[in-house]
1. Apply the Kirkwood formula to the chain: the hydrodynamic radius equals the inverse of the mean of 1/r over all pairs of different alpha-carbon atoms; give it in Å with one decimal.
2. Filter the trypsin sites (Lys or Arg not before Pro) in the stretch 89-130 to those in DSSP coil with at most 14 other Cβ atoms within 10 Å of their Cβ, and list the result.
3. How many angstrom lie between the C-alpha centres of the stretch 101-172 and the stretch 51-75?
4. Using only DSSP helix segments of four residues or longer, with each worth -39500 (n - 2.57), what per-residue ellipticity at 222 nm results for the chain after dividing by its residue count and rounding to 500?
5. Quote the charge dipole size of the stretch 2-158 about the Cα centre in Debye, to the nearest 20; the model charges only the Cβ of Lys and Arg (+1) and of Asp and Glu (-1).
6. Considering every Cα-Cα pair within the stretch 95-239, what fraction, in whole percent, is farther apart than 27 Å?
7. Determine the gain in length on full extension of the stretch N2-E239; use 0.36 nm per residue of separation and subtract their C-alpha separation, reporting nm with one decimal.
8. Can you list residues whose amide H is under 5 Å from E53's amide H, if they're 5+ apart or on another chain and H is modeled 1.01 Å from N?
Amino acid sequence: MNFTSAKVLSNIEISDGVYRLILMGQFQGKPGQFYMLRAWEEEPILSRPISIENVDDKSITFLYQVVGKGTKILSKLKAKGELNIQGPLGNTFPVEQLSGKVGIITGGIGIAPMELVVKSLKVDSIDFHCGFRNKSYLINEIMEHVTKVYISTETGSEGYKGYVTDLFKPENYDVVLCCGPEVMMNKVIKMCKDKNVTSYVSMEKHMACGVGACLVCTCKTIDGNKRTCKDGPIFLGSEVMIDA
Ligand SMILES: Cc1cc2nc3c(=O)[nH]c(=O)nc-3n(C[C@H](O)[C@H](O)[C@H](O)COP(=O)(O)OP(=O)(O)OC[C@H]3O[C@@H](n4cnc5c(N)ncnc54)[C@H](O)[C@@H]3O)c2cc1C
Ligand code: FES
């Protein structure tokens, strides 16, 4: 799959260091998939994987946090500017196969792919648990599609003070979906295993090619090493090998 050029409709900071990038045009994408983004020529060498926040027949939206060189360059994009994108890549959360009570748990920018997820789910209920360092974002967009929202912040400035996993009871759900920092996802996988609840996690690994060719993004599973970009990024929690 080749890179194509895309035009920026807007690129706005919606919270501290968190930007919403909207590109004009007709793009494809399903819940949990991502695109490789590139708004530079030579440096950094690699393109950067960013999940689809939203997609419709006129535009595609990404939500990203500035953490280093690549995302810093993305944050400088202006309306009518251009960048190169490749996608949609990876597998999806199995939204069409899910039923009953769904628990979603996210940490920080791991909330980004969940807007499309909650819009796509047709289930009995969705409890949404999201943890942030200091300030929440994306809650309004999520709220209208879910049953209940639980917010935590590490500073206590909003919602429960502490980690979002403190608020989370996997035994209340038929299935759990999770995206966030690896340490949080490992904890959620373990909590779900202990209560015999099926979980799906979106793994965050460094990527180079994004299309399954270089093996940079290896994820250890009970069936051997898998490529996060091609076999994932969504894996069953029960198949992922974590350091207990
Ligand atoms: C499938 C997938 C989907 C993603 N979706 C989003 C998204 O929707 N929004 C978003 O903000 N970010 C997302 N990320 C993470 C994003 O790709 C990285 O933050 C980005 O590549 C960092 O690039 P950089 O050049 O700004 O930072 P770098 O200079 O490359 O790195 C800065 C810091 O971030 C760490 N880092 C870099 N890449 C990753 C990574 N993949 N996972 C964990 N830590 C990393 C580095 O170790 C370093 O400490 C996703 C990652 C994957 C694998
Ligand atoms: S990034 Fe190259 S195989 Fe996944």
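1. This gives a value of 18.2 Å.
2. K122
3. Value for the Cα centre distance between the two parts: 20 Å.
4. Result for the chain: -3500 deg cm²/dmol, rounded to the nearest 500.
5. The calculation lands at about 240 debye.
6. Result for the distance tail: 20 percent.
7. Answer, rounded to one decimal: 82.2 nm.
8. T61, F62, L63
Bear in mind these aren't lab numbers, they're just calculated from the coordinates by the rules spelled out. Keep in mind that this is a model prediction, so the values were computed, not measured. Don't worry about glycine lacking a Cβ; one is built from the backbone with ideal geometry, like all the others, and counts go over all protein chains shown.
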